[in-house]
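The values are calculated or read from the model by the stated rules, or taken from the named source; none is laboratory data. Here the structure is a predicted model, which is why all the values come from computation and not from measurement. Cβ sites come from the backbone with ideal geometry, for glycine too, and all protein chains shown count toward neighbours. Keep in mind that these areas ignore ligands, DNA and RNA; they rest on the heavy atoms of the full protein, side chains included. Shrake-Rupley method; radii C 1.70, N 1.55, O 1.52, S 1.80 Å.
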Amino acid sequence: MEKRCTDSQVKGVSTGVSKSGPVRLEYVSSKTINKVIQVHDRIFCCMAGSLADAQAVTKAAKSHLSFHSVQMETPPLVIAAASVLKDLCYKSKEELQAGFITAGWDRKKGPQVYIVALGGMLISQPVTIGGSGSTYIYGYVDAKYKPNMSREECLQFATNALALAMGRDNVSGGVAHLVVITEKGVEHVVVPGDKLPKFHDE
C-alpha cells in the first residue's frame with residue numbers, strides 16, 4: 001500500500017509470507033517479516049508474491065541501482081528503480097511470481113509511486129495497493145483516498161488500509177511496516193499487531 005502526500009511518500013506493508021509446497025498448498029511461513037525493502041537511499045519497494053523470487057529481484061535491483069548511481073554520479077530517479085524492477089520481472093516472467101510497488105523521492109519529480117505487476121507491467125499512480133490482502137480494501141481505498149493528504153493523514157490512511165487487509169486475509173501478516181520518504185530523509189514506523197486499529201470483531 002502506498003500513498004503520495006503533499007511533500008512525501010508513505011509506504012506501508014503487512015508482514016505475512018506464504019509459500020507454496022510441492023503440491024501447490026499455501027501456508028504462512030512468517031507473520032513478521034518486513035517486506036518493505038530499501039533499494040536505494042530514498043527508494044523503497046513492497047514485495048508481493050513468492051518471497052524467494054521477490055528477494056532475488058530486489059537484490060539484483062539494488063546492485064543495478066548502486067552501479068547506476070556510481071556511473072551517473074547522482075542518486076537514481078524513482079522511475080529508474082521501477083524500470084529496473086520491471087525489466088528484471090519481464091525478462092523472467094515465465095519463472096517469477098513476484099510483483100512490486102516502488103516508491104520514493106527524487107530531485108526531478110519529488111514523491112512518486114509505481115507498480116510493477118506480475119509479468120513486468122509498469123504503471124505510475126498516485127496511490128496503489130497490491131498483494132493478497134489488497135482485494136479486501138479496494139472499496140476503502142476508493143472511498144478514503146484524497147489528493148494532498150498531510151503526513152499524519154497518509155500514515156493513518158495506510159495504517160487503516162493495512163489493518164483492514166490483515167483482518168480479512170489469512171496470509172497477511174501481523175505487523176505493519178510504514179516508511180515515510182521525503183527530501184529530508186526516511187522515517188521507519190512499525191505498528192505492532194496489538195496497536196493496529198480494529199474495524200470488526202476478530
Criterion (closer than 26 Å to P76 by Cα, free of Cβ contacts under 8 Å to residues at least 40 places away in the same chain, in contact with a helix residue (DSSP H, G or I) (Cβ under 8 Å, 6 or more places away or on another chain) and open to solvent by 30 Å² or more (accessible area, probe 1.4 Å)) met by exactly one of K184, K109, K144: K109
Wholly within region 21-107, strands (runs of 3 or more DSSP E) carrying at least 1 residues that are at pLDDT 95 or above and either hydroxyl-bearing (S, T, Y) or over 18 Å from the mean Cα position of the chain (by Cα) (or both): 98-106
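Based on this model, can you work out whether S172 counts as touching a Ser or Thr at 6+ places or on another chain (Cβ under 8 Å), exposed (fewer than 14 other Cβ atoms within 10 Å of the Cβ) and among the small types (G, A, S)?
Values: touching a Ser or Thr at 6+ places or on another chain (Cβ under 8 Å): yes; exposed (fewer than 14 other Cβ atoms within 10 Å of the Cβ): no; among the small types (G, A, S): yes.
It is false that S172 is touching a Ser or Thr at 6+ places or on another chain (Cβ under 8 Å), exposed (fewer than 14 other Cβ atoms within 10 Å of the Cβ) and among the small types (G, A, S).
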Long-range neighbours under 7 Å by Cβ, at least six apart or interchain, first residue under 24 Å from V127 (Cβ atoms) and open to solvent by less than 40 Å² (accessible area, probe 1.4 Å) within region 88-104, second in a loop (DSSP other than H, G, I, E, B) and of a type in the set (D, E, K, R): G104/R42
Where C154 falls short, out of the listed (1) over 16 Å from the mean Cα position of the chain (by Cα); (2) part of a helix (DSSP H, G or I): (1)
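One line per residue, one yes/no per condition, for (1) under 19 Å from Q112 (Cα atoms); (2) hydroxyl-bearing (S, T, Y):
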position: F157; (1), (2): yes, no
position: L162; (1), (2): no, no
position: A165; (1), (2): no, no
position: R168; (1), (2): no, no
position: G173; (1), (2): no, no
position: T182; (1), (2): yes, yes
position: E187; (1), (2): yes, no
position: V190; (1), (2): no, no
position: F199; (1), (2): no, no
Given (1) more than 27 Å from D53 (Cβ to Cβ); (2) part of a helix (DSSP H, G or I), index of the condition V141 fails: (1)
Filtered residues of region 113-123 (kept if open to solvent by 10 Å² or more (accessible area, probe 1.4 Å) and in contact (Cβ under 8 Å) with a residue 40 or more places away in the chain): L118, L122
